[in-house]
Amino acid sequence: MSRAVYALWHRELVRFLGDRARVVGSLGQPIVFFLLFAGALRDSLRVGTQTYGEFFFPGTLAMIVMFTAIFATITVIEDRREGFLQGVLVAPVPRAAIAFGKVAGGATLGALLGAVFLLGGFAFGFVPFSFAALAGGLAVLVVLAIALTACGFALAWCLDSTAGYHGVMMLVLMPALLLSGAFFPRTGAHGIVRALMTVDPLTYGVGLLRHALGNVDPAAGVPAADVCLSVTLAFAAASLALAVAVTVRRSARDAV
Amino acid sequence: MNDDARPAIAARALGHRYGSREALAGIDFTVARGARYAVLGPNGSGKSTLFKLLATILPVQQGELSVLGVDLREAPGAVRARMGVVFQSPAVDRRLTVRQNLAYGGALFGLHGAELAARIDEVLARTGLTDRASDRVDALSGGLRRRVELAKCMLHRPELLLLDEPTSGLDPSARRELWALLRGDPDLTVVFATHLLEEAEAADRVLILHEGRVVAEGTPGELSASVGSPALEVAVDQEALPGALVLLATRFGLHPIAFGGGLRAQAHDAHLLVPEVYAALGSKARRVSVSPPSLLDVFFARTGAPFPDGWMPPPAQQVREGGRR
């Protein structure tokens, strides 16, 4: 099984690097977002003692990981449509290998792109550099990337079209990102929004990034570090379990 | 009994339903080791469902199915390492090179390192793709892409190849090339689904499916002989087809079916009818001839249904396809 997982992981990386538009889009879009928001709101919005750029930086990291997870897992639908998945299903490997291989591939890409942006953040002073921040930030990126890619994989496996996936993305994944405390602090939000933010697992992922990077301002209302860690690990484990469960489920539609 | 003495495939009362729709209604057949076995049938006959069952993509719902001695109801995964499957839809990654596709395909079957590299070189040579190994698959013609599929399925040296419409979309010369690759390995069992008569007639045995049931099973020779009568083939212009059909039915008492831009009808005295049909059709007749009974007639004789459109592409279309390449 490990060889199959390795092969599927490697294929994701080779396909990604062979698609220049995807490389540029995955990293470029969040950078453009970050520069526009951080630039536009520089003097008009502060969160406690933080400039908006400093506040938004961990959120952008989460956004990079999420977009990479989306683009990586949307290939599940392409793989099925193009027949590649059938070829994997008749190979003597457990179906879980497909989930592990795809998630490992997408998560590697998400964590790598996040790491590139993180290094840029250190270089341009959006986050104060320390080895603890670097190591902690990278570790959280990996866990978050696994959680989001596994979540995207499970969604993609259950959907038939890339258009349907886009729909679910706009309805579920984007609101989850918007409500994660990546764009605005929890403290000033309306009660309903704040309640939604409390149940959004990404709130704790972004919170964990803030803790790891020493980016916590009391005014942002970030949950405690141990809560963030527990919820994020549980989110990753649950997403991974879901990704495996959907592949193991045998049904007629798998054979399409 | 050891595995080698068992048939490659044995199906007993094999059925499959998609919800309330019955795709296979309890079929029986056996494929001997080393045979070239064709599954012939129009769209919706249950061919694809049968292939998905054989390929272990669908679970066995009703009846029994054993492949290479393995009962698929109990251990479907156990047989995967011993068979190769070529699907109708391509299972190669168009954005990767031929060699990359083979490397990933081999890794899924547990091959690695020097052995994988050697096997890749071996199948590339066997399929005549050595020169194209570094090309991306989307730069290859349809025929070459099919060869990549076949190469991928041969990497792990399977005992059984399942090919679902392997020559679908290929012109006649690419079809011949593909079949040539599969000759010369007497130990390899090849089971293929097709809607092309010429491919089925070249098989050792043929299973004809219609609406989820077995219509006929046997060697092409046995099946054709079971029909008995030769067939009268009449080629006319498209606009004259309805008139000719009525003429054959009323004046000559035949049961003609339209196929390949012409008409075909079984008749004991077909050779005697040739001049009479010519005379009756006059200038509308392009060709009137007698052909031995074929699987086409077997299907008609056993089902009472003519061949659905597209079951046999008209000769004119084949010529056009050939000319495009």
query = When each pair of different Cα atoms in region B:81-180 is counted once in the 1/r mean, what is the Kirkwood radius in angstroms, to one decimal?
reply = 13.3 Å
key: Alpha-carbon Rg with Dmax, taken over the protein assembly as shown, Å   = 30.5, 104
key: Within chain A, helix-based [θ] at 222 nm, where runs of 4 or more DSSP H residues each add -39,500 (n - 2.57), nearest 500   = -24500 deg cm²/dmol
key: Using a Förster distance of 35 Å, the FRET efficiency for B:L272-B:A305 (Cβ separation, nearest 0.05)   = 0.80
ask   = Over all residues in B:58-68, what is the mean tally of Cβ atoms on other chains that come within 10 Å of each residue's Cβ?
value = 1
key: Residue-averaged beta-carbon neighbours from other chains (10 angstrom radius) around B:87-96   = 6
query = Once you charge only the Cβ atoms, +1 for Lys and Arg and -1 for Asp and Glu, what is the size of the charge dipole of chain A about its Cα centre, to the nearest 20 debye?
reply = 400 debye
task = State log₁₀ I(q)/I(0) for chain A at q = 0.14 Å⁻¹ as given by the Debye formula over alpha-carbon point scatterers of equal weight, solvent excluded.
result = -0.91
ask   = Which order do peptides B:86-94, A:140-148 fall in by mean Cβ count within 10 Å, highest first?
value = A:140-148, B:86-94
remark   = For A:E78 and A:A219, extending 7 Å from Cα along the Cα-Cβ vector and measuring point to point gives, in nm, a value of 4.3 nm
request  = Go ahead and run the numbers for FRET between A:F124 and A:V24, Cβ-Cβ distance against an R0 of 22 Å, rounding to 0.05.
outcome  = 0.65
ask   = Comparing A:P30, A:P175, A:P223, which has the greatest mean-square fluctuation in the GNM of chain A with Cα pairs linked when under 10 Å apart?
value = A:P175
task = Please work out the C-alpha center-to-center distance from region B:1-60 to region B:163-203 and express it in whole Å.
result = 18 Å
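To the nearest 20 debye, what is the magnitude of the charge dipole of the protein assembly as shown about its Cα centre, counting +1 on the Cβ of each Lys and Arg and -1 on the Cβ of each Asp and Glu? Mind dumping the intermediate values first?
Working: 54 positive and 49 negative charges, 171 e Å.
Dipole magnitude for the protein assembly as shown comes out near 820 debye.
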request  = Would you mind putting A:131-139, B:142-150 in packing order, based on average other-beta-carbon counts within 10 Å, highest first?
outcome  = B:142-150, A:131-139
message = Sequence gap at least 6, Cα distance under 8 Å: using those rules, report the relative contact order of region B:6-45 to the nearest whole percent.
response = 40 percent
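Stretch B:L182-B:A202 to full length: gain in nm at 0.36 nm per residue minus the Cα-Cα span? Each step should come with its number before you reach the end.
Working: separation 20, 0.36 × 20 = 7.20 nm, distance 1.25 nm.
Contour length minus Cα-Cα distance gives 6.0 nm.
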message = Can you tell me how region B:132-192 classifies by the Cα gyration tensor, rounded, prolate or oblate, using a/c under 1.5 as the rounded cut?
response = oblate
inquiry  = Compute the angle between helix A:131-158 and the longest alpha-carbon principal axis of chain A, please, reported from 0 to 90 degrees and rounded to the nearest 10.
reply    = 40 degrees
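Convex hull over the Cα atoms of region B:17-153, averaged projected area in nm²?
The number I arrive at for region B:17-153 is 9.9 nm².
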ask   = For the residues A:D79, B:D237, what sequence is obtained by ranking on other C-beta atoms within 10 Å, fewest first?
value = B:D237, A:D79
remark   = Stretched fully, the stretch from B:E74 through B:D131 gains (0.36 nm per residue minus C-alpha distance, one decimal, in nm) 16.2 nm
request  = Between B:V137, B:V67, B:V31, find the one with the highest GNM mean-square fluctuation for chain B; connect C-alpha pairs within less than 10 Å.
outcome  = B:V137
request  = Evaluate E = 1/(1 + (r/R0)^6) for B:R287 and B:S89, where r is the Cβ-Cβ distance and R0 equals 30 Å; express this FRET efficiency to the nearest 0.05.
outcome  = 0.20
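Quick check on packing: order A:234-242, A:35-43 by the mean number of other C-beta atoms within 10 Å, highest mean leading.
On the way: A:234-242: 18.1, A:35-43: 13.0.
Top to bottom by mean Cβ count within 10 Å: A:234-242, A:35-43.
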query = Lys/Arg Cβ at +1, Asp/Glu Cβ at -1, dipole of region A:2-250 taken about the Cα centre: which of A:T187, A:V90, A:A219 is farthest positive-ward?
reply = A:V90
request  = Go ahead and collect, in residue order, the members of region A:146-164 whose backbone nitrogen is under 16 Å from a label point 7 Å along the Cα-Cβ direction of A:A238.
outcome  = A:146-155
Principal-axis tilt of helix B:241-250 within chain B, Cα atoms, nearest 10 degrees = 60 degrees
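How would B:E177, B:E64 line up from fewest to most surrounding beta-carbon atoms within 10 angstrom?
On the way: B:E177 18, B:E64 14.
In order of increasing Cβ crowding within 10 Å: B:E64, B:E177.
Evaluate peptide B:18-25: per residue, the Cβ atoms of other protein chains within 10 Å of its Cβ; return the mean as an integer. Present the calculation step by step, with values, prior to reporting the outcome.
Working: counts 3, 1, 0, 0, 0, 1, 0, 0.
Averaged over the peptide's residues, the number is 1.
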remark   = Any lysines whose Cα falls less than 21 Å from that of A:K102, other than same-chain ones fewer than 8 residues away, would be B:K152
message = With a 10 Å cut-off between alpha carbons and a GNM built on chain B, which of B:R251, B:R175, B:R302 moves the most?
response = B:R251
Listed residues A:M169, B:V70, B:L163: farthest to the positive end of the dipole of the protein assembly as shown (Cβ charges) = A:M169
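Taken together, the values in this text are just the output of simple stated rules run on the coordinates, not laboratory data. As the structure is a prediction and not an experimental result, all values here were calculated from the model. Note that we place each Cβ from the backbone using ideal geometry, even for glycine, and neighbour counts take in every protein chain shown.
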